[in-house]
Amino acid sequence: MKVSLKWLNNYLALSGISAEQIADALPMLGHEVESVTKTGLPPLPHVVIGEILSFEKHPKADRLSVCQVDTGDAQPRQIVCGAKNFKASDRVPVALPGAILPGGFEIKISVLREVDSHGMMCSARELGLGDSHEGLLILTEKGLPVGSSINTHFPRQDTVFEISMTANRGDALSHIGVARDLAAYFDKPLATPHTQTTDLDTPPQASFPINVSSPACPYYTATRICGVKIAPSPDWMQRDLEAVGLRPINNIVDVTNWVMLETGQPLHAFDCAKIAGGKLHIRNATAGETITLLDGKTVSLETTDCVIADAEKPLVIAGIMGGEDCSVDAATTDILLEAAWFAPGNVRRTSRRIAVNTDSSQRFTRDVDPGMVRFAANRATDLILQTAGGTCDNQPTIVGQAPRADREIPISGKYIRERCGYEMPDETILDVFRRLGFPVRKEDTTWHVTVHSNRPEVDRPIDLVEEFVRIHGTQSVPSGAVASPVLPANDAPVTLFTRRATTLLAGRGFAECWHYTLTDEHTVSRFHNAATANALALANPLTSDQSHVRPSLLPGLLNAIRLNLAGHNQPRRFFELGRVFRPGQNGELRELFAIAFAALAEPVAASWKQREPVDFFHAKKLALDVAALAGIAPQRLVFATGDAQGALWQTGHSGSAKDRAGNASLECGLVNARISQEWDIKGVVVAGEVLLTQDNFTSPPKRARFAEWSPFPPVTKDIALVVDSALSATEVLDKVRSTATKAAGKEFALENVSCFDVYTGAGLPEGCKSLAFSITFRAADKTLTDEIVNKAFEQIISSLEKGSAFQVRTKNQTS
């Protein structure tokens, strides 16, 4: 937003405060200054308007002319000039002897090639009005008096600040808003304008019928002004608008723009003759409706878009831009002046969808002050009556009420001092609140601070502390010794895990990603369900594409793959670590630590060597390795029967597991082909995600200790079991492992159990399958004999057949 220093002086006296001081103060107030530009003509004593009476070629210089110029003196002045773009009777700026031009150049009587020159005719650049130096600045305005000061006919010099406003400071998107902050910072009185037009305490019957049915418009007002005459706006108003980058159009439109820039409240003027049916209806658009905006763009509307319509068609997209069908033109005589408050989320969503961003939408999406609606309407009414004539019946139509009002926040001086960390007297704190315009009502040691409706982001005691520090200034914080706690000897468990997981995944060829923790409703619903989306929705999102906390890291990784494929980049494996949120069984929100990875199954680019594609088992192995780093051993995980839940996973090619204590879960497998197609990813994507609760990081992981290995050889025995087809291999393996551990006892150790074969088909009972396992034993102090191993193996067979519904199929010899 651009702010004019000259305009600011209408609301507070900034004399004695330089533009440089203001530019330094604005960032301290939270308003980043992107640029500072000087415009207009600086004070130039001894620079007047002159008229060229005649000219002739210089007798001793082909490129110079000797001119006779009338500057209002008794006799014409002789001035030597090198420009060629003038003729007799032209009026130009003339710098007389003694004048000092921008840059410190002083004009004196001089002799040029033996000819006296009593002054200098000036170009635009020499006056500081631009970069043009190709010739004299020819003044084309008629009636300029010869000999009058140039400053009386040019706008005085102004300084324009281009400021970047944060999303929560909609109140500062106006000259009054910026002036209010500067008045508090420099402790200057703020002078807001008074209006001649006022609302009656009990408004009579509305003069213009309006019906509001859209929930996006809780407060709508309209004022009818009849008999206006369309003409150019006054010069002062045009100069103000041009200074901040707006193009003057006509007196009605310019007034609405000027008042918006003054107060921050967007306004809109309808031509009453173009409102079909003589009635406005603020409603949601119907499916298939279109509107052609003032910029000529035709927009298709959706049922969530709020519009202002007449009996036939939509006329305006609420809070964004008006349509061609109701614009004010030269034939307009009666206008309806709209001042309303539209819901920020609705305006933001529609503005982003149709890709139309205006000064109006910028303010509504930042939650402008609803308390400014009627003041801005009355201010604009005054200016329209002054510049366009007409009459106002003082009967505004008001539908609904302002969605918020002033509120009190209880706080104490002690609370502020504790939060700031240094001492200051109560009087200092109260003085800052006075400068901010926050009235304070004392009740014992509690202060009840009134915050006006223009500051919705100041809603808690800690917000008042921030306001105090913002105005009191960080430079006022007393200096002191920095108390630094001793650093802990070890990093936090979650930090150690993050470091190890990053090392593991990076070593496997994965590139790390960082994404926003917020996502949009569509993504949550698409990957999970509507109930999860409702549970994870933010109460007050800033943008529609960041309206929910994320329940998973995988959508971000799919976006990374899509982006890199579109850019023909080589990385095709990505991982991310971060926080995610899931709804709990009792409705509570659970914060989990997540590690996710995603990779293309096969490389996109051709290679000299064909490698094995990444598949489900690669993803499972990687997920188990990650879980193991958090102390979740594979034995603690129970894999569910069937596929992983959710639309992300491909049926028949995914799986999920949870640990027995409920502190970890994982999902892995192939991404659903439909999801890949929606994300414009060509090829199979293999992914996985491990979710960990905070209980996994309450203590540092156990330090690995050296264990002496056995110098004696292992003994491996194979066993095949006929089991029910519904049983998972993991369940059977767990049973075999626990049985073998008991059989080994303390005499020797069970080293490993692995499943190496699955058989279904002829020779097996119906509904059964055969699982073959290798069981490896090793002793630390001796070589195991067949007698010892066979005895243990027979115990294993006996236990499996008696203690479970397993049938031993074969018995292998000692390997």
Ignoring ligands, DNA and RNA, please state the percent of accessible area on segment 536-612 from carbon and sulfur, probe 1.4 Å. 50 percent
Straight-distance crosslink candidates among aspartates and glutamates, where the alpha carbon sits under 14 Å from LYS682 and sequence neighbours closer than 8 are dropped: GLU602
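As a test of the formula, what do you get for the chain when each DSSP H run with n ≥ 4 contributes -39,500 (n - 2.57) and the sum is divided by the residue count, at 222 nm and rounded to the nearest 500 deg cm²/dmol? Could the numbers behind the result be given before it?
On the way: 19 runs with 207 residues, N = 815.
Using -39500 (n - 2.57) per qualifying helix, the result is -7500 deg cm²/dmol.
Test of understanding: what is the full-extension gain from THR543 to ASP491, defined as 0.36 nm times their sequence separation minus their Cα-Cα distance? Let's see the in-between values first.
Details: separation 52, 0.36 × 52 = 18.72 nm, distance 3.62 nm.
Contour length minus Cα-Cα distance gives 15.1 nm.
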Rounded to the nearest 5, the percent of DSSP beta bridges in segment 23-182 running antiparallel is 95 percent
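DSSP beta bridges in the chain, what fraction antiparallel, as a percent rounded to 5? Walk me through the intermediate numbers first.
Details: 136 of 142 bridges.
Roughly 95 percent of the beta bridges in the chain run antiparallel, per DSSP.
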Expressed in angstrom and rounded, the centroid-to-centroid distance over alpha carbons for segment 734-767 and segment 414-437 is 73 Å
Where a label projected 7 Å from the Cα of SER728 along Cα→Cβ would reach, residues of segment 611-625 with amide N under 17 Å: 616-625
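On the protein heavy atoms, probe 1.4 angstrom, tell me the percent of accessible surface of segment 665-815 carried by carbon and sulfur. It would help to have the intermediate numbers written out before the result.
Details: 4360 of 8730 Å².
Result for segment 665-815: 50 percent of the exposed heavy-atom area is carbon or sulfur.
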Can you list residues from other chains, or at least 5 along the same chain, whose modelled amide H is less than 5 Å from the amide H of SER547? THR519, ASP520, GLU521
Expressed as an acute angle from 0 to 90° and rounded to the nearest 10, what is the orientation of the C-alpha long axis of helix 426-436 relative to the principal long axis of the chain? 70 degrees
Express the carbon and sulfur contribution to the solvent-accessible surface of segment 1-138 as a percent, rounded to the nearest whole number, probe 1.4 angstrom. 50 percent
Fully extended contour minus Cα-Cα distance, from ALA402 to LEU190, at 0.36 nm per residue: 73.9 nm
Answer label for mean projected area of the Cα convex hull in nm² (calculated), chosen among [x] 37.3; [y] 45.9; [z] 56.9: [z]
Quick one: Kirkwood hydrodynamic radius for segment 611-657, alpha-carbon pairs, angstrom, one decimal? 11.8 Å
With x for Gly and Pro, the residue-by-residue ³J(HN,Hα) of segment 755-765, computed from phi through the Karplus equation 6.51 cos²θ - 1.76 cosθ + 1.60 at θ = phi - 60° and given in whole Hz, is 8, 10, 7, 10, 10, 9, x, 4, x, 10, x
When you take every Cα atom in segment 467-579, what is the radius of gyration, and what is Dmax, the widest Cα pair distance, in Å? 20.5, 55
Students often get this wrong, so check it: of LYS620/LYS769; LYS735/LYS802; LYS57/LYS87; LYS2/LYS229, which have C-alpha atoms separated by over 20 Å? LYS620/LYS769; LYS2/LYS229
Show me, for segment 233-248, the HN-Hα J-couplings you get by feeding each phi into the Karplus relation (A = 6.51, B = -1.76, C = 1.60, θ = phi - 60°), rounded to Hz, glycine and proline as x. 6, x, 4, 4, 6, 4, 5, 4, 5, 5, 4, 9, x, 9, 8, x
How far is helix 786-803 tilted off the main Cα axis of the chain, in degrees rounded to 10, range 0 to 90? 70 degrees
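Taking 0.36 nm per residue of sequence separation and subtracting the Cα-Cα distance, how much length would be gained by fully extending the chain between SER754 and HIS153, in nm to one decimal?
Values: separation 601, 0.36 × 601 = 216.36 nm, distance 9.49 nm.
Extending this stretch completely gives an extra 206.9 nm.
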Between the Cα axis of helix 373-388 and the main Cα principal axis of the chain, the angle (0 to 90°, nearest 10) is 30 degrees
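Taking K and R as +1 and D and E as -1, what net charge do the other residues with C-beta under 12 Å from the C-beta of GLU731 add up to? Could you put the intermediate results ahead of the total?
Values: positive: LYS735, ARG737; negative: ASP724, ASP734.
Around GLU731, the surrounding residues sum to 0.
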Quick one: Debye curve from the C-alpha atoms of segment 109-228, no solvent, what's log10 I(q)/I(0) at q = 0.11, 0.14, 0.18 Å⁻¹? -0.85, -1.02, -1.16
Starting from the amide H of HIS268, placed 1.01 Å from N in the peptide plane, find each other amide H under 5 Å away whose residue is 5 or more places distant or on another chain. GLU338
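Applying 1/(1 + (r/R0)^6) with R0 = 51 Å to the Cβ-Cβ distance of GLN570 and THR651, what FRET efficiency is obtained, to the nearest 0.05?
On the way: r = 31 Å, r/R0 = 0.61.
Here the calculated transfer efficiency is 0.95.
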Return the loop-located trypsin sites (Lys or Arg not before Pro) in segment 726-801 (DSSP other than H, G, I, E, B) with at most 13 other Cβ atoms within 10 Å of their own Cβ; answer none if there are none. LYS746, LYS782
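With a 1.4 Å probe and all protein chains left in place, how much accessible area per residue does the chain have, in Å²? Kindly include the intermediate steps, with their values, before the conclusion.
On the way: 40980 Å² over 815 residues.
That works out to 50 Å² for each residue.
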What area, in nm² and to one decimal, does the C-alpha convex hull of segment 577-685 cast on average over all directions? 8.6 nm²
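Exposed loop chymotrypsin sites (Phe, Trp or Tyr not before Pro) only (DSSP loop, at most 13 other Cβ atoms within 10 Å): please give the longest stretch of the chain free of them, not including the sites. Before the final figure, lay out the partial values.
Values: sites that count: TYR422, TRP514, TYR516, TRP608, PHE706, TRP709.
Segment 1-421 is the longest.
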Read phi for every residue in segment 492-508 and hand back ³J(HN,Hα) as whole Hz from Karplus 6.51 cos²θ - 1.76 cosθ + 1.60, θ = phi - 60°, with x for Gly and Pro. 4, x, 5, 5, 4, 5, 4, 5, 5, 5, 4, 4, 4, 5, 5, x, 8
Taking a crude spin-label model, label points 7 Å out from Cα along the C-beta direction, the ALA74 to LYS279 distance in nm is 8.0 nm
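The values are calculated or read from the model by the stated rules, or taken from the named source; none is laboratory data. Note that this is a predicted model, so its numbers are computed, not measured. Positions of Cβ are backbone-derived with ideal geometry, glycine not excepted, and every protein chain shown enters the neighbour counts. These accessible areas exclude ligands, DNA and RNA; they are computed on the full protein's heavy atoms, side chains included. Shrake-Rupley method; radii C 1.70, N 1.55, O 1.52, S 1.80 Å.
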